[in-house]
Amino acid sequence: MTTGDASQAPDSILVPFDPTRTSIAPVYDWIRAGTPGKDAFRVDRDAGDAVLKEAPWLREVLRENWLFLERAVDLLAALGIDQFVDVGAGMPTKPYLYEIARTKQPDMRWVAVDNDERVVINWRAAPGGDGVFTVAADVRLPLDLLEKVVKHIDLSKPTGFVFGALFHFVHDPKELYRIVATFKRVAAVGSYFVVTHATQQTGRDPAGAEAGAQRYREKVADITLREEAELEPLFGAGCQLTHGWGRTIDLLQPNSGGVWHDQEAPHALAAIAKMI
Ligand SMILES: C[S@@+](CC[C@H](N)C(=O)[O-])C[C@H]1O[C@@H](n2cnc3c(N)ncnc32)[C@H](O)[C@@H]1O
């Protein structure tokens, strides 16, 4: 595989670790966990709390997002997928998705990819054991990313690609389609893509979703909410949408651990697509 990503892509990549500045992953982690003792600094907690003020339901959205990813990884492992690439992995979070995969695929391999140095440091310290690898890369340079990933897994075999709460950080739709097209080009038939994405569409508080997104842009990072119609073309040609697009809460029949009440549907969309 050669590098040579499209010219619009940024040259640089890693978000350097600086405890005086916040970044996406620790704020996300703080909002989701909401308990002291997590790896969040004051700036991360302040930013997360400011966003929660506008969108107090966000904590549940993030928890439901994780529950969906757990169900999706469990399903893929049950279908025989034994190697995963978790792009935009975020801070290592319990229950670890690789442990869920390992329950059904004891020899599975898991590659956690992120462009935030703080995340990478945390993954390198995570108790993954054999078969869990960390890659520092930016999804906007997908060939560079994949070149690093193939040091750990064999992409000629079916692979589970997980893009949890990542694509709303890629703002230009053309760039997003280009990224997904690159993954589709290298993914073997039988591979799966698992995606979750922030939306203003499905929840009962669209105004709060917009206000929360605006506060998030001010405090953390730019974010692009998208509707189902904008996401649907991502997995057209070469793929079959096996689940979704739909609300994270609905897909794969939520287990009893769900924290959301149906009528309060979350502002998050999800889908699983298979390479055919
Ligand atoms: C909101 S967190 C989601 C974490 C986890 N996947 C989940 O769904 O709970 C998004 C993660 O994507 C990472 N990220 C953002 N932009 C990225 C990029 N261009 N390339 C790689 N990772 C990126 C962030 O550092 C962060 O860890």
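The values are calculated or read from the model by the stated rules, or taken from the named source; none is laboratory data. Bear in mind the structure is a predicted one, so any value in this text is a computation, not a measurement. Virtual Cβ from ideal backbone geometry, glycine too; neighbours counted across all protein chains shown. Each accessible area value is taken on the protein alone, full model and side chains, heavy atoms only, with ligands, DNA and RNA left out. Shrake-Rupley method; radii C 1.70, N 1.55, O 1.52, S 1.80 Å.
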> Say the cut-off is 21 Å between C-alpha atoms; which of 157/184; 104/274; 94/148; 151/184 go over it?
Replying inline: 94/148
> For the stretch 86-231, with the dipole built from +1 on Lys and Arg beta-carbon atoms and -1 on Asp and Glu ones, taken about the Cα centre, which of 207, 139, 149 lies farthest toward the positive end?
Replying inline: 149
>> Can you list which of the DSSP-assigned H helices in the chain have a Cα extent of 27 Å or more along the long axis and an average Kyte-Doolittle score of at least 1.6?
In response: none
> Using the scaling law 2.2 N^0.38 Å as the reference, what is the normalised Cα Rg of the chain?
Replying inline: 0.93
> In the stretch 172-244, if every C-alpha pair distance is counted and binned at 5 Å from zero, what percent goes to each bin?
Replying inline: 3, 13, 22, 20, 17, 12, 9, 4, 0
>> Which one, 31, 112, 221, is farthest towards the positive end of the dipole of the chain when Lys and Arg carry +1 and Asp and Glu -1 on their Cβ?
In response: 112
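Counting Lys +1, Arg +1, Asp -1, Glu -1, what net charge surrounds residue 269 among other residues with beta carbon under 13 Å of its beta carbon?
Spelling it out: positives minus negatives among the neighbours equals -4.
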>> Among DSSP bridges having both ends in the stretch 24-275, what percentage is antiparallel? Round to the nearest 5.
In response: 45
> Expressed in nm to one decimal, what extension gain is obtained for the pair residue 210 and residue 237 from 0.36 nm per residue of sequence separation less their Cα-Cα distance?
Replying inline: 6.6 nm
> With the Cα gyration tensor of the stretch 63-165 giving a ≥ b ≥ c as the square roots of its eigenvalues, does the rule (a/c under 1.5 for rounded; else a/b larger than b/c for prolate; else oblate) give rounded, prolate or oblate?
Replying inline: rounded
> In debye, nearest 20: dipole of the chain around its Cα centre with unit charges on the Cβ of K, R (+) and D, E (-)?
Replying inline: 340
> Using helices alone, what [θ] at 222 nm do you get for the chain, with -39,500 (n - 2.57) per DSSP H run of 4 or more residues, divided over all residues and rounded to the nearest 500?
Replying inline: -11000 deg cm²/dmol
>> So if each residue of separation counts as 0.36 nm, and I subtract the Cα-Cα distance between residue 188 and residue 49, what length gain in nm does that give?
In response: 45.9 nm
> With all protein chains present, how much of the accessible area of the chain (probe radius 1.4 Å) comes from carbon and sulfur, to the nearest whole percent?
Replying inline: 51
>> With +1 assigned to the C-beta of every Lys and Arg and -1 to the C-beta of every Asp and Glu, and no other charges, what is the dipole magnitude of the stretch 47-166 about the Cα centre in debye, to the nearest 20?
In response: 140
> Leaving out ligands, DNA and RNA but keeping every protein chain, what accessible area does residue 62 have, in Å² rounded to the nearest 10, with a 1.4 Å probe?
Replying inline: 10
> So how far, in whole Å, is the C-alpha centre of the stretch 196-228 from the one of the stretch 40-78?
Replying inline: 13
